[in-house]
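These notes concern the structure reproduced below.
The values are calculated or read from the model by the stated rules, or taken from the named source; none is laboratory data. Fair warning: this is a prediction, and the values are worked out from it, not measured in the lab. Note that each Cβ is placed from the backbone with ideal geometry, even for glycine, and that neighbours are counted across all protein chains shown. Please note that ligands, DNA and RNA were not included when accessible areas were found on the heavy atoms of the full protein model with its side chains. Shrake-Rupley method; radii C 1.70, N 1.55, O 1.52, S 1.80 Å.
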Amino acid sequence: MKVAEARRALADGGEELDMVVNISAVLSGDWGYVRQDLKAVIDVTHAAGQKVKVIFENCCLNDAQKIRLCEIASELGADWVKTSTGYGPGGATLEDLRLMRKHAAPQVQVKAAGGVRTLDALLEVRAAGATRCGATRTAEMLDECRRRLGLEPVVRTSAAPPPAGY
């Protein structure tokens, strides 16, 4: 099913796909299944010339499982390993980001998702090895950055309504 969804997303113009590991397979130690599941989506995505992020949902896993996932994702050529969907009970932690950066291959980027809500937190996850961060408070973080740099915050207005017939 994940391969069918990946193909559909790619056909619809997707350039970076996110896939969540099969948590049940990880928790039960079925690393063969985990590898096969990841490989199928990574191969389809890369064959289309696009990129894929492998989401761990770290709040459900222990460190040994996170390390093994980093190793498998690296061996298979994933473009990113990502801490979480951002919808689970836990998000990115500095400890997890450091662990993922340490155990993922150098060419595999690390993405922090969930729980990063301030500029200071963003700077901390960057220092821990994340090259990307998913955040819902991006505008506030950018405003704080502009303030610290002595620049005026961007004035935002409500979006104009869509054109008629949209």
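Tabulated values for the structure
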{"read-out": "Positive-end residue, region 23-166 charge dipole about Cα centroid, Cβ charges, pick of Ala47, Thr138, Tyr33", "value": "Thr138"}
{"read-out": "Rounded accessible area of Asp120 (nearest 10 Å², 1.4 Å probe)", "value": "80 Å²"}
{"read-out": "Tensor-based shape of region 84-154 (alpha-carbon gyration tensor, a/c under 1.5 rounded, otherwise prolate or oblate)", "value": "prolate"}
{"read-out": "Cα-based shape type of region 22-87, given that a ≥ b ≥ c are square roots of the gyration tensor eigenvalues and the cut on a/c is 1.5", "value": "prolate"}
{"read-out": "Charge context of Ser24, other residues only, Cβ under 12 angstrom, K/R +1, D/E -1", "value": "-3"}
{"read-out": "Of Val34, Val154, Val116, the one that fluctuates the most in a GNM where the chain has Cα springs shorter than 10 Å", "value": "Val154"}
{"read-out": "Region 66-119 - Rg (one decimal) and Dmax (whole number), Cα, Å", "value": "11.0, 34"}
{"read-out": "Structure-based [θ]222 nm, the chain - -39500 (n - 2.57) summed over DSSP H runs of at least 4, per residue, nearest 500", "value": "-14000 deg cm²/dmol"}
{"read-out": "Segment Glu95-Asp120, length gained on full extension (0.36 nm per residue, minus Cα span)", "value": "7.4 nm"}
{"read-out": "Estimated FRET transfer efficiency (Tyr87, Arg148; beta-carbon r; R0 45 Å; 0.05)", "value": "0.90"}
{"read-out": "Candidates Leu149, Leu122, Leu76: whichever shows maximal mean-square fluctuation once the chain is modelled as a Gaussian network with Cα springs under 10 Å", "value": "Leu149"}
{"read-out": "Surface/4 of the Cα convex hull for the chain, nm²", "value": "12.2 nm²"}
{"read-out": "Rounded to 5, percent antiparallel among DSSP beta bridges of the chain", "value": "0 percent"}
{"read-out": "Average accessible surface area per residue within the chain, 1.4 Å rolling probe, Å²", "value": "57 Å²"}
{"read-out": "About the Cα centre, charge dipole magnitude for region 55-166 (Lys/Arg +1, Asp/Glu -1 at Cβ), debye", "value": "180 debye"}
